[in-house]
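All remarks here apply to the structure that follows.
The values are calculated or read from the model by the stated rules, or taken from the named source; none is laboratory data. Note that the structure is a prediction, hence the values are computed from the model and not measured. Positions of Cβ are backbone-derived with ideal geometry, glycine not excepted, and every protein chain shown enters the neighbour counts.
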């Protein structure tokens, strides 16, 4: 029993320290974003890395998500004679929930892991220490452009995901299964309003912020991670931990934001 209590207390203290480090990291990152000088090119480059390079996986995932929704939605609504509502069902599912959540999970896997590994390697190779020795703020130089890019890129990627998903549902529901084309778009036009789009974009902005916060902070403090440390094994462990934590946090915040915004 004493060993169990000791282990439990040690884990509790570790996670409390980790939460505190993340809070400090967030504070200094926000300060570095607000403090001049403001440099545009690093943020544009990160938008390309996080956003542009993620477009293919977003299009691919969005297309097949919409196709599955069209297939399942058609056969479900057909039982009630409500095939005309297929367009609104697909659009609302994507815009409110699946679009921002799945886009965020894809970006976490593709870009978030790269961010954590990049910053983690900079930490273990002492590049961050070298920046501090030269009086260069690593939060301003490394982290701030990633925060700006994540907040800008996620809503745009979510919009692409939604549009491609709606087209995928149209191809399956209308072209393959024979649902009425006019009813597909008219029901979407009637039932989808600004509040639905607003909810999806608010979620996308929050998810982009969370992805960068978790993955960048885990990489920044890779030398303090439990089971991590210096070396390739430490970076690998921390990157995996960051992706899992970011994915779970996205799902938790999705429920919280839905309960607040509905």
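For (1) buried (at least 24 other Cβ atoms within 10 Å of the Cβ); (2) within 30 Å of residue 245 (Cβ to Cβ); (3) more than 25 Å from the chain's Cα centre (by Cα), each residue gets a yes or a no:
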| position | (1), (2), (3) |
| --- | --- |
| 165 | yes, yes, no |
| 170 | no, no, yes |
| 177 | no, no, yes |
| 185 | no, no, yes |
| 197 | no, yes, no |
| 202 | no, yes, no |
| 213 | no, yes, no |
| 218 | yes, yes, no |
| 225 | no, yes, no |
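Yes/no per residue for (1) farther than 14 Å from residue 29 by Cα; (2) without any contact (Cβ under 8 Å) to a residue 60 or more places away in the chain; (3) surrounded by 18 or more Cβ atoms within 10 Å (Cβ to Cβ):
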site: 112; (1), (2), (3): yes, no, yes
site: 115; (1), (2), (3): yes, no, yes
site: 120; (1), (2), (3): yes, no, yes
site: 123; (1), (2), (3): yes, no, yes
site: 130; (1), (2), (3): yes, yes, no
site: 135; (1), (2), (3): yes, yes, no
site: 143; (1), (2), (3): no, no, yes
site: 153; (1), (2), (3): yes, no, yes
site: 156; (1), (2), (3): yes, no, yes
Which one of 91, 103 is over 20 Å from residue 189 (Cα atoms), modelled with pLDDT of 90 or more, in contact with a helix residue (DSSP H, G or I) (Cβ under 7 Å, 6 or more places away or on another chain) and surrounded by 18 or more Cβ atoms within 10 Å (Cβ to Cβ)? 103
Tell me which residues, restricted to region 220-260, are modelled with pLDDT under 80 and either over 22 Å from residue 11 (Cβ atoms) or in a loop (DSSP other than H, G, I, E, B) (or both). 225, 226, 227, 228, 229, 230, 231, 232
Under 8 Å between Cβ atoms, at least 6 apart or on separate chains: pull out the pairs that start in region 75-103 with a residue that is within 16 Å of residue 194 (Cα to Cα) and end on any residue that is outside any helix (DSSP H, G or I) and at pLDDT below 90. 88/192; 91/192; 92/192; 95/192
